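K.L.:
This is the structure, below, for whatever I ask next.
The values are calculated or read from the model by the stated rules, or taken from the named source; none is laboratory data. Quantities reported herein were computed from a predicted structural model and do not represent experimental measurements. Cβ placement follows ideal geometry from the backbone for every residue including glycine, while neighbour counts extend to all protein chains displayed.
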Amino acid sequence: MRSLGKSDFAGLADYITDEQEKTERLGLVQVTNCEAGTVKAAISEVLATQHMNTRAKGDKTYHLLVSFRAGEKPDADTLKAIEERICAGLGYGEHQRISAVHHDTDNLHIHIAINKIHPTRHTMHEPYYPHRALAELCTALERDYGLERDNHEPRKRGAESRAADMERHAGIESLLGWVRRECVSEMQSAQSWTELHQVMRENGLELRERANGLVIAAPDGTLVKASTVARDLSKPALEARLGPFEASPERQAQTKAKRTYQKDPVRMRVNTVELYAKYKAEQKNLTAARAEALAKAKRRRDRAIEDAKRSNRLRRATVKIVDGKGINKRVLYSQASTALRTSLDAINKEYTKEREQLYKRP
């Protein structure tokens, strides 16, 4: 799932090396091709290297996740060798990187944060067809290290693959999956554009022209290409069967939909409705508790700031009435101002730390 923003190497490295108060989460941490000996120093070194390249407009950080089958626990030397071979296979053998082994799921996995900027040439490297290269690398590594064989060749492409990823990893039903499960047969059986648009409206959807094709739009703005849902729903296939494209004469809101797409959990053999309701309730309670804790922290910060300012006013008032030889009031006022700034910085730092703790992943 892609992000509109560029990834932050420091944030990524902090995340993958954070124990998150779990004794079983973090395993081997490794810094490669950096002069620095610690993770914190390595982050600064990587950021300095990335800063040397001012021409690259793309993402300068590559986040790679290497996951093993459930139950497999390779030793430290094997994990190091696998990490090195995979990075070298992608063309990142000489690049700076930080890797961390995680044990907090059923599948042992390695997070690798890679600097795409070369440390000496300062050019950015983009792997060529990385999924294909990774598939070949994984097959070879399974053979060489006696790991359980898996299928690495993608059977799905583009949006279809991303929709499957969403359902598998996030557990949320994708628009593509929902349309295929709920109404694709009705769409395929429509005998005219009017009938097809009626089917779309009954399912809370809208069929629109976009560029040279057609897209299916959900009420929340989610889109999927019609040809991705089914080949016979592509614009050429539909026009060959129904004639030139005709836009919907009515707005979707004018027809009451019998069902609509919602980003609900993927339906499984086991009924998860009750479990999902419990999850939503816990999330709501967590949000309310967090808001209350934030409000309390803010009130404490405001009181501390007011106390610091009051103390500073008293200090300055004392300086004002002091009358003695050899006393430089300008120096005393400067010291009072410095003391106030130091106090305010400490108060805001403590408040920021509290906020981070509240938003920190459980």
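K.L.:
Among the residues of segment 295-313, is there at least one that is modelled with pLDDT of 85 or more and among the polar types (S, T, N, Q)? Let's see the steps before the verdict.
P.N.:
Within segment 295-313, the subset modelled with pLDDT of 85 or more is 295-313.
Then drop every residue that is not among the polar types (S, T, N, Q), which leaves 311-312.
Taking every residue of segment 295-313 in turn, at least one turns out to be modelled with pLDDT of 85 or more and among the polar types (S, T, N, Q).
K.L.:
Checking the conditions here, which among Ala159, Ala211, Ala170 is surrounded by 15 or more Cβ atoms within 10 Å (Cβ to Cβ) and at pLDDT below 90?
P.N.:
Only one candidate qualifies: Ala159.
K.L.:
Please go through segment 69-98 and pick out each residue that is assigned to a helix (DSSP H, G or I) and hydrophobic (A, V, I, L, M, F, W, C). Even if it seems obvious, please write down each step before you answer.
P.N.:
From segment 69-98, those assigned to a helix (DSSP H, G or I) are 76-89; that's our starting set.
Of everything in segment 69-98, those that are assigned to a helix (DSSP H, G or I) and hydrophobic (A, V, I, L, M, F, W, C) turn out to be Ala76, Leu79, Ala81, Ile82, Ile86, Cys87, Ala88.
K.L.:
Something else about it: Kindly check whether there is at least one residue in segment 297-316 that is surrounded by 12 or more Cβ atoms within 10 Å (Cβ to Cβ), outside the structural domain of Asp104 (by TED's automatic domain parsing) and within 30 Å of Arg25 (Cβ to Cβ).
P.N.:
yes
K.L.:
Filter segment 1-60 down to the residues that are over 21 Å from the mean Cα position of the chain (by Cα), under 28 Å from Asn107 (Cα atoms) and in a helix (DSSP H, G or I) and list them by number.
P.N.:
Val39, Lys40, Ala42
K.L.:
Tell me, which residue of segment 315-347 that is touching a helix residue (DSSP H, G or I) at 6+ places or on another chain (Cβ under 7 Å) and either among the basic types (Lys, Arg) or closer than 14 Å to Arg301 by Cα (or both) is modelled with the lowest pLDDT?
P.N.:
The qualifying residue modelled with the lowest pLDDT is Lys329.
K.L.:
Residues of segment 63-116 being surrounded by 21 or more Cβ atoms within 10 Å (Cβ to Cβ), under 20 Å from Thr49 (Cα atoms) and not β-branched (Val, Ile, Thr), which ones?
P.N.:
Scanning segment 63-116 gives Cys87, Leu90, Tyr92, His95, Gln96, Arg97, Ser99, Ala113, Asn115, Lys116.
Quick grid of which residues meet (1) assigned by TED's automatic domain parsing to the domain that holds Val39; (2) part of a strand (DSSP E or B); (3) within 26 Å of the chain's Cα centre (by Cα):
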site: Ala100; (1), (2), (3): yes, yes, yes
site: Ile110; (1), (2), (3): yes, yes, yes
site: Ala113; (1), (2), (3): yes, yes, yes
site: His122; (1), (2), (3): yes, no, no
site: Pro127; (1), (2), (3): yes, no, yes
site: His131; (1), (2), (3): yes, no, yes
site: Ala135; (1), (2), (3): yes, no, yes
site: Cys138; (1), (2), (3): yes, no, yes
site: Leu141; (1), (2), (3): yes, no, no
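K.L.:
Could you please tell me which pairs satisfy a Cβ distance under 9 Å, a separation of 6+ or placement on different chains, a first residue in segment 338-356 that is part of a helix (DSSP H, G or I), and a second residue that is hydroxyl-bearing (Ser, Thr, Tyr)?
P.N.:
Close Cβ pairs satisfying both conditions: Ala339/Ser311; Leu340/Ser311; Ser343/Ser311.
K.L.:
Okay, moving on. Return the residue satisfying two criteria in turn: it lies in segment 348-362 and is of a type in the set (Lys, Arg) and out of contact with any Leu (no Cβ under 9 Å at 6 or more places or on another chain), and of such residues it is modelled with the lowest pLDDT. Full working, then the answer.
P.N.:
Initial filter on segment 348-362 (of a type in the set (Lys, Arg)): 349, 353, 355, 360-361.
Add one more test, that the residue is out of contact with any Leu (no Cβ under 9 Å at 6 or more places or on another chain), and what stays is 349, 353, 360-361.
On the way: Lys349: 90, Lys353: 87, Lys360: 68, Arg361: 50.
Residue satisfying both the conditions and the ranking: Arg361.
K.L.:
Something else now. Failed condition for Ala288, given (1) at pLDDT 80 or above; (2) small (Gly, Ala, Ser); (3) surrounded by 12 or more Cβ atoms within 10 Å (Cβ to Cβ), with all others met?
P.N.:
(3)
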